[in-house]
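Derivation of every value follows stated rules applied to the coordinates shown; laboratory data play no part. As the structure is a computational prediction, the values presented were derived from the model and not from experiment. Counting neighbours? That spans all protein chains shown, and the Cβs are built from the backbone with ideal geometry, glycine included.
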Amino acid sequence: MMPSLNDLRVGQRATVIAIEGDPAIMQRIFEMGLLEGEVIEVLAIAPMGDPIEIRCGANRMSLRRREAAAVRVSDGLAAAP
């Protein structure tokens, strides 16, 4: 099974493969500009694990852990340079 965005650690990068789950969450994620094929990087995770801050292109955004769980990413995870 493909990992989801909430499985990544700070500094890891991955490519968005699919966004699935609740249609309302999917719509919100699409409206934020997070689309399939985008390369993302995890910038920070709050001390209690929620929210997760990511970079997508030139944009920074924060997602709740349940929203991040709906974002499937590539499993070729590498640390950011």
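General observations
- Cut-off 14 Å (backbone N to label point 7 Å along Cα→Cβ of ARG64), residues of segment 15-47: 22-29
- Based on Cα contacts under 8 Å between residues 6+ apart, the chain shows a relative contact order of 44 percent.
- Rounded to the nearest 20 debye, the dipole magnitude of the chain is 200 debye, with +1 charges on Lys and Arg beta carbons, -1 on Asp and Glu beta carbons, and the Cα centre as origin.
- Computed E for GLU31/VAL10 - FRET, C-beta separation, R0 35 angstrom, nearest 0.05: 0.90
- Residues whose placed amide H lies under 5 Å from that of SER4, excluding near-sequence neighbours: VAL73
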